[in-house]
Amino acid sequence: MVVGVLRIVLALPFNDSLKGKRSVVRRIVERARERFHVAAAEVEDLDAHRRAVLGFAVVSNDRRHATSILDQLAEFVATATEAEVVERRMELSSYGPRAVGESAPRRGAAQRALEARRADTEARAGEVAAEAGDSEDDDGE
């Protein structure tokens, strides 16, 4: 699993009120959510009327796909309004047991592995119980 995060800082030089800023931010956030299916929010400088910091997040199973979505999103934000992009930062993080590019195990193999782990755990529990019973017998003699 890959999580991509995009932080964009916008300058709103012609904006004179928080109401005007929120109108611009709301329009960008709503369009981004609808068009790119990402999580989006204003994340910093909420009370500064000439600056907006937006955060976007995408989850994918492919690093290239996440990068592509965030690149397209950054281009969209840059052209969607009169606001000027003054900073753009993208980060990608991979989570999960598989290495990048490794194919997913088949469901049957995963199920067999899970059953083998359960059987091993049950066998160990039985051994521990048997040892505990043996030590009780030794104490009683």
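The values are calculated or read from the model by the stated rules, or taken from the named source; none is laboratory data. Bear in mind the structure is a predicted one, so any value in this text is a computation, not a measurement. Here the Cβ is made from the backbone with ideal geometry for all residues, glycine too, and neighbour counts use every protein chain on show.
General remarks:
- Enumerated strands (runs of 3 or more DSSP E) restricted to the stretch 1-81, each holding at least 3 residues that are aliphatic (A, V, I, L, M) and either without any contact (Cβ under 8 Å) to a residue 40 or more places away in the chain or touching a Phe, Trp or Tyr at 6+ places or on another chain (Cβ under 6 Å) (or both): 39-44
- Number of positions in the stretch 51-93 that are of a type in the set (D, E, K, R), crowded, with 16+ Cβ neighbours inside 10 Å and either more than 22 Å from ASN15 (Cβ to Cβ) or in contact with a His (Cβ under 6 Å, 6 or more places away or on another chain) (or both): 0
- Residue within the stretch 92-103 that is of a type outside the set (D, E, K, R), at pLDDT below 85 and more than 21 Å from the chain's Cα centre (by Cα) present: no
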